[in-house]
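Following: one structure in structure tokens, then a few remarks.
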Amino acid sequence: MSFSRKILSSLKQLIGRKNIVILKKTLGITAINRIDACNALISQLSGTTYLEIGVAQGNVITKIDARRRLGVDPSPKPSSLEKQADIIYFEMPSDQFFSHHAVQLFTDSPVDVALIDGLHEYRQALRDVDNVLKYLAPGGVIIMHDCNPLTAVAGLPPADRAAYEQHRKEQTTFQPNGPWEGDVWKAIVSIRSTRKDLKVFVLDCDHGLGFVTRGTPDSSLDYSAGDIDSLTFAEFDANRSSLINLKQPSYFEKFQAQLSNQRS
Ligand SMILES: C[S@@+](CC[C@H](N)C(=O)[O-])C[C@H]1O[C@@H](n2cnc3c(N)ncnc32)[C@H](O)[C@@H]1O
């Protein structure tokens, strides 16, 4: 760990995670990650319920300051969650979770902040957004991880990615290939093309953090489902700013101010 990261980590413990965005701003650091964003928004909304689709090792959900935390992942519950018994874990794919459990869990206590970080396939990411929207509290926020792949390999859809990794295993000693965001970016293009009731933008940090809220969008797109299917990574790479409404990390502050105005 670098010296500056050590300092930041100690300060986080000292001042509490929900103030980390303010601290970073004071230090002139504008890049935030998904943990900071979720905690800042939960604090701002005085939210109680956090939902995470795709928990993996629990590196995010265990660091979220919310009274009620729910995680969904088909993999067995990670050991990191054993120490935090209040986290409710559903060992199943998100579609199953929404069809069997969501109504009972969220009808009276809707979701304030959700992180969608499950299967990196755009149709699944879209379904996850649609499902969360059914249970999103007024003024609530959905954050989508992995919306901004930087290379063609990182942007491969799951089926192609599996074939690519298999090929590499057969050819050479297997090596991890770095980040993989899949084609979640297409979910952003789809929402911006079909939903005139949702505002969406992507922050250029932490693999691309997409923010979805209810409201009239400032700008939209006009891609059909067929167009979106056939969009290539090269087209994305050449037009990423306009396709996913990419914003600098410092835009997060403006977004928070807008959220406050909407609620007042
Ligand atoms: C990138 S990891 C999540 C990382 C975690 N959110 C974090 O930030 O540390 C993606 C996870 O999604 C899970 N996953 C895959 N398909 C899923 C689905 N249909 N529903 C929910 N989770 C899924 C995988 O098992 C994997 O653990």
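The values are calculated or read from the model by the stated rules, or taken from the named source; none is laboratory data. Predicted, not measured: the structure shown is a model, and the values here were computed from it. We place every Cβ from the backbone using ideal geometry, glycine too, and count neighbours over all the protein chains shown.
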Completion exercise
Reported set for segment 68-94 where residues are more than 19 Å from the chain's Cα centre (by Cα) and within 13 Å of the ligand (Cβ to nearest atom) is Pro76, Lys77, Pro78, Ser80, Leu81, Glu91
Problem - Residue match in segment 53-61 (condition: more than 10 Å from the ligand (Cβ to nearest atom) and touching a Lys or Arg at 6+ places or on another chain (Cβ under 8 Å)) - result: no
Exercise for the section: Scan segment 95-111 and give yes if some residue there is in contact (Cβ under 8 Å) with a residue 12 or more places away in the chain, within 18 Å of His207 (Cα to Cα) and more than 12 Å from the ligand (Cβ to nearest atom), otherwise no. Expected result: no
Handout entry: Residue check, Leu259 within 20 Å of Val153 (Cβ to Cβ) and surrounded by 14 or more Cβ atoms within 10 Å (Cβ to Cβ)
Key = no
Exercise for the section: For segment 234-259, enumerate the residues that are at negative phi and outside any helix (DSSP H, G or I). Expected result: Leu246, Lys247, Gln248, Pro249, Ser250
Fill in the blank from the handout: Counted residues in segment 167-197 being assigned to a helix (DSSP H, G or I) and modelled with pLDDT of 75 or more come to 10
Exercise for the section: Only residues that are touching a Ser or Thr at 6+ places or on another chain (Cβ under 6 Å) and in a loop (DSSP other than H, G, I, E, B): list them for segment 83-126, please. Expected result: Gln84, Ser109, Gly118
Problem - Residue count for segment 74-89, restricted to those that are in contact with a strand residue (DSSP E or B) (Cβ under 8 Å, 6 or more places away or on another chain) and either more than 27 Å from Gln44 (Cα to Cα) or outside the structural domain of Ala37 (by TED's automatic domain parsing) (or both) - result: 1
